[in-house]
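Asks: Before we start, here is the structure in question, set down as structure tokens.
Where a number appears in this text, it was derived from the coordinates with a stated rule and is not lab data. Worth saying up front: this structure is predicted, and the values here are computed from it rather than measured. Positions of Cβ are generated from backbone atoms using ideal geometry, with glycine treated the same way; all protein chains shown enter the neighbour counts.
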Amino acid sequence: MTLHEMLVDELRDLYHAEKQLTKALPKLAKAATHKGLRAAFESHLEETREHVTRLEEVFSFLDEPAKTKPCAGMAGIIEEGADLLQEDAEAAVLDAGLIAAAQRAEHYEIGAYGTCVAWARLLGHSEAVGLLEQTLEEEKAADQKLTTLAESEINEAAGSESESEESSSSSEKRVSSGRNTSRVKAADRRRR
């Protein structure tokens, strides 16, 4: 296998990954309860559609057919995100989980696009490099936007929800334990 063939193979993997994301992002947007997070998913969906188009242009520059290669990595990441949607979680906790799932996808893409940029540059495919770098920068920006949302609001809200849930759970246990203790004492008095 040549480096050119390896590049084409990686691009086909990315092409499939991006197409999978165009189906997954609307589900994440629908599940998000934080308005800013929902908007970030919707905005990135539009970018992702553009990424698909850009990859088609890259294939054209390389004189290769725009074909997909099944991307098991992205399929696994998306499946984990779908599992999260089945969880019973407080709103902010779910949003924090959605960010984590989306960032896994972003990091996968950042790694793959970075590799493709390096290989395309080495092979002298300057038109492809420009398009791939543009997408790489958008993936990095999407990841940063998610980080900002997580660090500025969502993670803290998720932590507060978890603390109040743990606190109320502890209170319930103490009340329940108190009832059990009262029942034991009452049973002991009856036996006497």
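Asks: Hey, which of these cross-link pairs are over 25 Å Cα-Cα: K27/K69; K30/K67; K67/K145?
Replies: Those over the limit are K30/K67; K67/K145.
Asks: At a 10 angstrom cut-off on C-beta neighbours, averaged per residue, how do the peptides 15-21, 111-117 rank from highest to lowest?
Replies: 15-21, 111-117
Asks: A further question follows. Could you list, bin by bin from short to long, the percent of Cα-Cα pairs of region 54-130 in 5 Å steps?
Replies: Percent of pairs per bin, in order: 3, 13, 18, 17, 14, 11, 10, 7, 4, 2, 0.
Asks: Also: Which three semi-axes in whole Å describe the equivalent ellipsoid of region 1-123, each the square root of 5 times a Cα gyration tensor eigenvalue, listed largest first?
Replies: 30, 13, 11
Asks: To continue, here is another question. Using Cα-Cα distances under 8 Å and only pairs 6 or more residues apart, what relative contact order does region 3-155 have, in percent?
Replies: 31
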